[in-house]
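Take a look at the structure below.
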Amino acid sequence: KGVPAKLEDMSASEQAEVKQAVEEAKGASASIDLNRLANTVDGYATKPNYVVKSALDMELIWCPPGSFIMGPEGRGSPAHPVILTKGFYLGKYEVTQEEYEKITGKNPSRFKGDKLPVEHIHWKDAVAFCKELNKKERIIRGWEFALPTEAQWEYACRAGTTTAFSWGNEISPQYANYDENVLQKTVKVGSYKPNPWGFFDMHGNVSEWTADLYGTYPSNSVIDPRGPSNGSPPIYRGGSWGQDASGQSSRSAYRDKFSPGSRIHRIGFRVAFKQVD
């Protein structure tokens, strides 16, 4: 914007800037499987839902490879393009207490109910649950159950949308279970309408742990991003029944962190099934 459209009409510094951007784009795209991306655009990568038998037929939805604009979420979290080169499955619902107890034999939740999301668990509990699924299930070689990365979570939450929430830019108690509701507790998973890809409760009910540790976003485009390898608390996403009366904590881009050893009755999780790095 504000500069000539033809390269020859630009100043030397403007030409150099454009050429540098082109080279960076070439480098960033060198490892992208164009056939995979083309298949994604054509809808070829759509797969039937995956069912986890050992966890009471837990249902996971396929998320094809693709790209989206991640963020923004305040200082240190600018909006930036993200490319996910590998598809993955993600839980249609938040993990319920019934599913969690079936696998672990425990139910630490404050608000008891088989179909309510499990909560009052720390990050290490969620990671351990996924590891136990890997032991119990006959899974595809090269795949594993794990928490979704932060980018995978937001990609599935947005489901192709660019608004603050997957349904638009405004929130009300009819759309999600957040602090404005008079309920002040969790509700049965799937009580509200799903997002365009079929995921329930990505906004509200309980916040959800992700696999990534907290870190500053880059300002440039990234491919299959991951958080820091150590030294930071893990990230949770999605807002909850007891967080923020305005509902802003339930936005698709909202992110926050918490100690991995802390238990809180507004944080749960959902399971991903994805290729091993």
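The values are calculated or read from the model by the stated rules, or taken from the named source; none is laboratory data. What you see is a predicted model; the values in this text were computed from it and never measured. We place every Cβ from the backbone using ideal geometry, glycine too, and count neighbours over all the protein chains shown. Ligands, DNA and RNA are excluded from the accessible area calculation, which covers all protein heavy atoms including side chains. Shrake-Rupley method; radii C 1.70, N 1.55, O 1.52, S 1.80 Å.
Side notes on the structure shown:
- Share of carbon and sulfur in the accessible heavy-atom surface of the chain [1.4 Å probe, %]: 51
- Coupling constants for segment 24-30 follow from the phi torsions by the Karplus curve (6.51 cos²θ - 1.76 cosθ + 1.60, θ = phi - 60°), and in residue order they are 5, 5, 4, x, 5, 9, 4 Hz; glycine and proline get x.
- Summarising the amide proton neighbourhood of Ile223: residues at separation of 5 or more, or on other chains, whose placed amide H is nearer than 5 Å comprise Ile83.
- Equivalent ellipsoid dimensions for segment 152-262 as semi-axes, Å, which come from the Cα gyration tensor, largest first: 24, 17, 12
- Ellipsoid semi-axes for segment 36-170, based on the Cα gyration tensor and the rule √(5λ), read 28, 20, 14 Å when sorted largest first.
- Here the convex hull built on the C-alpha positions of segment 123-170 has a volume of 116 cubic angstrom per residue.
- Percentage relative contact order, segment 69-212, counting C-alpha pairs under 8 Å, at least six apart: 24
- The loop-placed trypsin sites (Lys or Arg not before Pro) in segment 216-262, going by DSSP, include none that has at most 13 neighbouring Cβ atoms within 10 Å of its Cβ.
- Distant-in-sequence amide contacts of Ile264, defined by a placed amide H-H separation under 5 Å and a gap of 5 or more residues or a different chain, comprise His120, Ile121.
- Within the chain, helix-based [θ] at 222 nm, where runs of 4 or more DSSP H residues each add -39,500 (n - 2.57), nearest 500: -6500 deg cm²/dmol
- Pairs from Lys135/Lys188; Lys19/Lys274; Lys185/Lys257; Lys131/Lys185 whose Cα-Cα separation, in the structure shown, is over 26 Å: Lys135/Lys188; Lys19/Lys274; Lys131/Lys185
- The chain - percent relative contact order, Cα under 8 Å, separation 6 or more: 22
- Phi angles across segment 158-169 convert, under the Karplus curve 6.51 cos²θ - 1.76 cosθ + 1.60 with θ = phi - 60°, into 3J(HN,Hα) values of 5, 6, x, 8, 10, 8, 4, 10, 5, 9, x, 9 Hz, Gly and Pro given as x.
- Between the entries (i) -0.27, -0.63, -1.26, -1.41; (ii) -0.30, -0.72, -1.35, -1.47; (iii) -0.22, -0.56, -1.33, -1.55, the label attached to log10 I(q)/I(0) by the Debye sum over Cα atoms at q = 0.07, 0.11, 0.16, 0.17 Å⁻¹ calculated for this structure is (i).
- Viscosity 0.692 mPa s, 37 °C: Kirkwood-radius Stokes-Einstein D of segment 118-199 over Cα pairs, µm²/s: 212
- Residues of segment 117-174: accessible area per residue with a 1.4 Å probe, Å²: 46
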